[in-house]
Structures are given as structure tokens and as C-alpha cells.
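Report on the structure given below.
Nothing in this text is a laboratory measurement; each read-out follows from the coordinates by a stated rule. Model, not experiment: these values are computed from the prediction. All Cβ positions, glycine included, derive from the backbone under ideal geometry; neighbour counts span all protein chains shown.
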Amino acid sequence: DTGVSQDPRHKITKRGQNVTFRCDPISEHNRLYWYRQTLGQGPEFLTYFQNEAQLEKSRLLSDRFSAERPKGSFSTLEIQRTEQGDSAMYLCASSLGGLAGNTGELFFGEGSRLTVL
Amino acid sequence: GDSVTQMEGPVTLSEEACLTINCTYTATGYPSLFWYVQYPGEGLQLLLKATKADDKGSNKGFEATYRKETTSFHLEKGSVQVSDSAVYFCALSLNQAGTALIFGKGTTLSVSS
């Protein structure tokens, strides 16, 4: 399977704990995105990487959130001191971007569902 | 700010009925427009797109036309199937390098036989 994969698919944690999600993009894709989706809402942009550089962060990404893509391949999203409001589906997407900009075709993983008790 | 508004669901149809899901947008500049679909248990996937005014995107019997004058990109299908049951998201891209997609809230479609 050469699609975007995310791990774990489900995570239940207690408030105050730290959690980390991993995303493996399609191998030749240089761009990687993290989105958050809550029930009844569309995906909301969190952050974006081009290769290993984090180029854009949404104001939704509080100081408790940190994302990395150290070698320009897989990425991790860590949430520290989780709160109940962090409960959501965290989506990863990748794309092959060029100088002309984003063509908009993102390839999404199935998401990592976080439940904070 | 830039945004996408789509009709609220759920939309419930019988097989072979006509479908229209409305989508309007607000954006600076000239965005590209997209419909993504999420089937049960699967990730979001691109259904169709249009990159400039009057373009028509089409795929799997679905169509949408980029209407700049009404800032709309309504999704249509002449005859839906049970397998079309899914959540449909309208989205826009500002066509700047690295800019992420902005999504609507999604519309759930349920088709019964």
C-alpha cells in the first residue's frame, strides 16, 4: 500500500497526558499537512511542511502542539498536556508541490482519532 | 476571511434521484475549487476540481461548474447510487505556494435502494 498512513488510528488518553501521532506520506511527496477535524466540521488546517521545513502554522496550533518532519519523510504531531477540547480526528495529507503553488490535490490518510477523558 | 459555505445535511435520497449540494465561497484573488469525498471508514479523496472561472470538473458522474459571478461551485449528479453515500466537502485553494486547502463543513449524503 503506497498511500498515506497514520498511526495510531485510535488513542484514548487522560487529560494532562502527552500523545504523539505519526504520519508516513506517499514517498515521493515533498509536502505534508496536518489537519484537525471535529464532529460535524470540515478539516481545519494546523500546519504544513515542505520537505523538512515547517513553513506555515495555523493559530489553532497552540504552544502545546508541536510537529516535526526531521528527514523530510515521516512526520510526528505531539500534543502536550492534553485537554478535553483536543479530542478530534487528526488528519495527515501529502502532496507533490512545485513552484507554481499548490494544485490542491491532497492525499489524505485515514486519520488518528484522539479521545481525551 | 476566505471561507467555504455548503448546504447542511443530511441529504437523504432514493437511488436514481438527482443530487445537488450547494457550495459558495468567499476568497481574495482567484481560488481553485474542489470537491472531496469521504466514504465510510476511508480517508478524504479528491472527487473533482476546477481551477478557473467557467471550468467544469467531472468524475464518476458528478459535475461542478466554477461560477465566478455567483461565487459558487455546486455539486450535481443526475442519478445517484447507494455507493455514493458519503460525506462531501467543498474546498478552495488560494493558489499560493504552500497554502493549505480551506474546507466547508461537509454534507452527508445517504442514498437508499
Original post:
Across region B:41-57, what is the number of residues that are facing chain A (nearest Cβ under 8 Å) and outside any loop (DSSP other than H, G, I, E, B)?
Top reply: 3
**OP:** May I ask you to verify whether B:Thr65 is away from every other protein chain (no Cβ under 14 Å) and in contact with a Phe, Trp or Tyr (Cβ under 9 Å, 6 or more places away or on another chain)?
**Re:** yes
**OP:** Consider B:Asp54 carefully, then state whether it is under 30 Å from A:Asn51 (Cβ atoms), exposed (fewer than 15 other Cβ atoms within 10 Å of the Cβ) and either under 12 Å from the mean Cα position of the chain (by Cα) or of a type in the set (Asp, Glu) (or both).
**Re:** no
Subject >> Any hit, region B:68-83, residues being more than 14 Å from every other protein chain (Cβ to nearest Cβ) and out of contact with any strand residue (DSSP E or B) (no Cβ under 9 Å at 6 or more places or on another chain) >> reply: yes
Original post:
Restricting the first residue to region A:53-74 and requiring it to be without any contact (Cβ under 8 Å) to a residue 24 or more places away in the chain and among the aromatic types (Phe, Trp, Tyr), which pairs with a second residue that is in a loop (DSSP other than H, G, I, E, B) and surrounded by 14 or more Cβ atoms within 10 Å (Cβ to Cβ) meet a Cβ separation below 9 Å and a spacing of at least six or different chains?
Top reply: A:Phe65/A:Gln80
**OP:** Starting from region A:1-15, keep only residues that are within 14 Å of chain B (Cβ to nearest Cβ) and at positive phi, then list their pairs with residues that are of a type in the set (S, T, N, Q) and surrounded by fewer than 13 Cβ atoms within 10 Å (Cβ to Cβ) whose Cβ atoms are within a distance under 6 Å, requiring at least 6 positions of separation or different chains.
**Re:** none
**OP:** Select, from B:Tyr30, B:Tyr25, B:Tyr36, the only residue that is aromatic (Phe, Trp, Tyr) and part of a loop (DSSP other than H, G, I, E, B).
**Re:** B:Tyr30
Subject >> Any strands (runs of 3 or more DSSP E) falling wholly within region A:46-101 and containing at least 2 residues that are closer than 14 Å to A:Lys11 by Cβ >> reply: A:75-79, A:88-95
Subject >> Residue list for region B:19-46, filter: hydrophobic (A, V, I, L, M, F, W, C) and either within 13 Å of B:Gly104 (Cβ to Cβ) or in contact with a Gly (Cβ under 6 Å, 6 or more places away or on another chain) (or both) >> reply: B:Ile21, B:Cys23, B:Ala27, B:Leu33, B:Phe34, B:Trp35, B:Val37, B:Leu44
Subject >> Candidate set from region A:23-42 (those that are closer than 26 Å to B:Thr5 by Cα and either within 11 Å of the chain's Cα centre (by Cα) or acidic (Asp, Glu) (or both)); member that is nearest to the other protein chains (Cβ to nearest Cβ) >> reply: A:Tyr33
Original post:
Applying the selection to region B:75-86, what residues are out of contact with any helix residue (DSSP H, G or I) (no Cβ under 8 Å at 6 or more places or on another chain) and either crowded, with 19+ Cβ neighbours inside 10 Å or farther than 20 Å from A:Gln41 by Cα (or both)?
Top reply: B:Leu75, B:Glu76, B:Gly78, B:Ser79, B:Val80, B:Gln81, B:Val82, B:Ser83, B:Asp84, B:Ala86
Subject >> Yes/no for A:Arg22 being part of a loop (DSSP other than H, G, I, E, B), in contact with a strand residue (DSSP E or B) (Cβ under 6 Å, 6 or more places away or on another chain) and surrounded by fewer than 17 Cβ atoms within 10 Å (Cβ to Cβ) >> reply: no
